[in-house]
Amino acid sequence: MASRSQVGFRIAGFAILPFVSLGQSPGNGVSKSTYSCNDPISAWTFLNKYFPVETPQDECANNICSCSASGNSPAWEIQQGRVYAQQENSAGLGGSAGNGFGLHCVNVS
């Protein structure tokens, strides 16, 4: 049988759980996870096909961002596949980056 302190810790854990899970979005806790990918555009296509995600409004055209030359660095491009998982009851939050947890796949080679 569990002691009173064990029961108390269990109750406190379950009471805190909803607040911890709600805290994972832009501006609240962990907001994204970024992965290095060989083909991030295919990853973007896969995520959009099989998961309830949206593309952020600030995504580059055709998932390719062009970075201009600077000093001794030549111009370069980033292929990326960025999506975010939508959250209920968060209309308008998150701005152009989306309102839920972000999954970012990038290739800079």
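The values are calculated or read from the model by the stated rules, or taken from the named source; none is laboratory data. The model shown is predicted, which means the values in this text are computed figures rather than measured ones. Positions of Cβ are backbone-derived with ideal geometry, glycine not excepted, and every protein chain shown enters the neighbour counts.
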Practice prompt. Would you tally the residues in the stretch 37-89 being touching a Lys or Arg at 6+ places or on another chain (Cβ under 9 Å) and basic (Lys, Arg)?
Written response: 1
Item to complete: Would you check which residues across the stretch 52-68 are surrounded by fewer than 13 Cβ atoms within 10 Å (Cβ to Cβ) and in contact (Cβ under 8 Å) with a residue 24 or more places away in the chain and list them?
Response: Pro52, Gln57, Asp58
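Out of the residues in the stretch 66-93 that are assigned to a loop (DSSP other than H, G, I, E, B) and at pLDDT below 85, which is nearest to Thr55 (Cα to Cα)? Step through it out loud before you land on a result.
Step one: of the stretch 66-93, the residues assigned to a loop (DSSP other than H, G, I, E, B) are 68-69, 71-72, 74-75, 86-93.
Now narrow it down to the ones that are at pLDDT below 85: 86-93.
Working: Gln86: 10, Gln87: 14, Glu88: 16, Asn89: 18, Ser90: 16, Ala91: 15, Gly92: 15, Leu93: 15 Å.
The residue in question is Gln86.
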Worksheet item: Among the numbered criteria (1) at pLDDT below 65; (2) among the basic types (Lys, Arg); (3) exposed (fewer than 10 other Cβ atoms within 10 Å of the Cβ), which single criterion is violated by Lys49?
Response: (1)
Worksheet item: Which number in (1) modelled with pLDDT under 75; (2) surrounded by 12 or more Cβ atoms within 10 Å (Cβ to Cβ) marks the one condition that Asp39 misses?
Response: (1)
Worksheet item: Of all the residues that make up the stretch 32-62, how many are part of a helix (DSSP H, G or I) and under 13 Å from Val108 (Cβ atoms)?
Response: 1
